[in-house]
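K.L.:
Input: one structure, supplied below.
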Ligand code: GUN
Ligand code: FE
């Protein structure tokens, strides 16, 4: 594991409202762990190699808390439908193609290379129902140097025949997939992935809850994204008093293992109380929620209520994997919500979204997303000199404009767990 020092203009989140900024300072990595930020190199670190990034910015790597790898091919296409129509029209036909390993190899090869070059250092990823293609994706993710969780998707109802497993085969293939990945990777780990309640029978959900408990595996799914979806779930699981309660019923809602739920646009008070009680993570996906006309989640309220929230692209509901852009989408959506929906809830600040994209989502991976001592050393070096302006900018201003102006082309170097990817 690498030990070294980076020099540059450094910023990270202390809390949802507090950014810490250090002009021309030193960031120390010892054996993959952050040791802190210093204005002068402390005596005990004097021997470590120094990488001097001059005027460049250095921030924690960004965490994408929810995205669909197989949907990369149609990113940017299909925002003319709402969720349920969109799934049937665009998503399921594309995901069906991953039974073909030649297609999967090509598509996942492109996806993983784009993710490697992006601002994302860690991600929580959906694959498809196909075990072999999911393994292929995980092999490629492991080689990329990124740290990820990826899930073989489970679906045994309400989808076209080509994308529907029997209950038995869904359980059997999940167990086989878990045995095949056991001990195989250092950076890539499995996560239990019921697509959403409409895709899974009670019997399948029950079995997945048992598997998650048996292997101590985290869980990812979708929650309260779209009004028609929520109505549908009410009819499908009448014994649960909320959509989240339906997952809880099958031990798939963070009671014993970490759990992340994408969207949470239309959660009821009872659902939010359960989310808080169980420590469920919310993957806020503003780009997707705008594209699919799902709504605007009251994220600032979630932050004030002390819920665990991170940011997500939800590719390809979201049109892109650029997490800097997702920060801008979160800010803009919150402005519209404040103006059009509820002027009692303040819009998100830059500090808020910086936190969501780093320390907020990073917590799903442990001590991740900050430059405080003992955090995993995930860092981006951003050269913003191409974002020309005649104005003299403060360090705070240089960071603030990144979501609106920066992309892959401005990333000069990227580190994950102390390993330099480029
Ligand atoms: N709900 C169930 N499946 C999906 C999906 O693929 N994308 C989104 N955004 N929501 C879902
Ligand atoms: Fe999703």
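Values in this text are rule-based calculations from the coordinates and carry no lab data. Remember, predicted model here, so these are calculated numbers, not experimental data. No Cβ is skipped: glycine too gets one built from the backbone with ideal geometry, and neighbour counts run over all protein chains shown.
K.L.:
As a footprinting exposure proxy, order 166, 134, 91, 193 by other Cβ within 10 Å, with the fewest listed first. If you can, show how the numbers build up before the last one.
P.N.:
On the way: 166 10, 134 30, 91 21, 193 26.
If I rank by nearby Cβ atoms, fewest first, I get 166, 91, 193, 134.
K.L.:
Give, to the nearest whole percent, the P(r) tail of the stretch 237-278 beyond 14 angstrom, counting all Cα pairs. Let's see the in-between values first.
P.N.:
On the way: 364 of 861 pairs.
For the stretch 237-278, the share of Cα pairs beyond 14 Å comes to 42 percent.
K.L.:
Moving on to the next point. Please build a GNM for the chain, connecting alpha carbons under 10 Å apart, and tell me which residue among 282, 191, 171 fluctuates the most.
P.N.:
171
K.L.:
Using Cα-only point scatterers and the Debye equation, what is log10 of I(q)/I(0) for the stretch 254-295 at each q in 0.16, 0.23 Å⁻¹, rounded to two decimals?
P.N.:
Scattering profile of the stretch 254-295, log10 relative to I(0): -0.44, -0.77.
K.L.:
Which residue fluctuates most in the GNM of the chain (Cα springs below 10 Å): 358, 120, 389?
P.N.:
Comparing 358, 120, 389 in a Gaussian network model of the chain, the most mobile one is 389.
K.L.:
Length gain on complete extension for the stretch residue 184 to residue 202, per 0.36 nm per residue less the alpha carbon to alpha carbon distance?
P.N.:
Details: separation 18, 0.36 × 18 = 6.48 nm, distance 3.10 nm.
That works out to 3.4 nm of additional length.
K.L.:
Largest first, please: the extent of the C-alpha atoms of the stretch 99-139 along each principal axis, to the nearest Å.
P.N.:
Between the extreme Cα coordinates on each principal axis of the stretch 99-139 lie 30, 18, 13 Å.
K.L.:
Given Cα positions, please report Rg to Rh for the stretch 8-160, the hydrodynamic radius being the Kirkwood one. Could you put the intermediate results ahead of the total?
P.N.:
Numbers: Rg = 20.5 Å, Rh = 18.5 Å.
That ratio equals 1.11.
K.L.:
Within a 10 angstrom radius of the beta carbon, how do 271, 31 rank from fewest other beta carbons to most?
P.N.:
Working: 271 23, 31 11.
By the 10 Å Cβ count, ascending: 31, 271.
K.L.:
Here's something else I'd like to know. What value does the stretch 66-145 have for Rg/Rh, both radii from Cα atoms and Rh as Kirkwood defines it? If you can, show how the numbers build up before the last one.
P.N.:
Working: Rg = 12.7 Å, Rh = 13.1 Å.
Ratio of gyration radius to Kirkwood radius for the stretch 66-145: 0.96.
K.L.:
What do you get for Rg/Rh of the stretch 238-332 when both radii come from the Cα atoms and Rh is the Kirkwood radius? Numbers along the way, then the final one.
P.N.:
Working: Rg = 13.4 Å, Rh = 13.7 Å.
Radius of gyration over Kirkwood radius for the stretch 238-332 works out to 0.98.
K.L.:
Just the Cα atoms of the chain, one point each, no solvent: what log10 I(q)/I(0) does Debye give at q = 0.11 Å⁻¹?
P.N.:
One equal scatterer on each Cα of the chain leads to -0.79.
K.L.:
What percentages, rounded to whole numbers, describe P(r) for the stretch 139-286 computed over all alpha carbon pairs with 5 Å bin width beginning at zero?
P.N.:
Pairs per bin, as whole percents: 2, 10, 19, 22, 21, 15, 8, 3, 1.
K.L.:
Then there is this: Taking a temperature of 4 °C and a viscosity of 1.567 mPa s, what whole-number D in µm²/s does Stokes-Einstein yield for the stretch 82-207 with Rh from Kirkwood over alpha carbon pairs?
P.N.:
Working: Rh = 15.0 Å.
The diffusion coefficient I find is 86 µm²/s.
K.L.:
How much length is gained on full extension from residue 231 to residue 392, taking 0.36 nm per residue of separation minus their Cα-Cα distance? Mind dumping the intermediate values first?
P.N.:
Numbers: separation 161, 0.36 × 161 = 57.96 nm, distance 5.28 nm.
Value of the extension gain: 52.7 nm.
K.L.:
Compute the distance in nm between two label points, each set 7 Å from the Cα along the Cα-to-Cβ direction, one at residue 89 and one at residue 52.
P.N.:
Modelled inter-label distance: 5.7 nm.
K.L.:
Can I ask one more? At a Förster radius of 41 Å, what calculated FRET efficiency corresponds to the Cβ-Cβ distance of residue 77 and residue 420, to the nearest 0.05?
P.N.:
Details: r = 34 Å, r/R0 = 0.84.
Once the sixth-power term is evaluated, E becomes 0.75.
K.L.:
Please identify, among 356, 274, 208, the residue showing maximal mean-square fluctuation in a Gaussian network model of the chain using a 10 angstrom Cα cutoff.
P.N.:
So, out of 356, 274, 208, the one fluctuating most is 274.
K.L.:
Can you give the extra length, in nm with one decimal, that the chain gains between residue 172 and residue 44 once fully stretched, where that is 0.36 nm per residue apart less the Cα-Cα distance?
P.N.:
On the way: separation 128, 0.36 × 128 = 46.08 nm, distance 5.32 nm.
Contour length minus the Cα-Cα distance gives 40.8 nm.
K.L.:
With 10 angstrom as the radius, rank 367, 152 by how many other C-beta atoms surround their C-beta, starting from the fewest.
P.N.:
Working: 367 15, 152 27.
In increasing order of surrounding Cβ atoms, one gets 367, 152.
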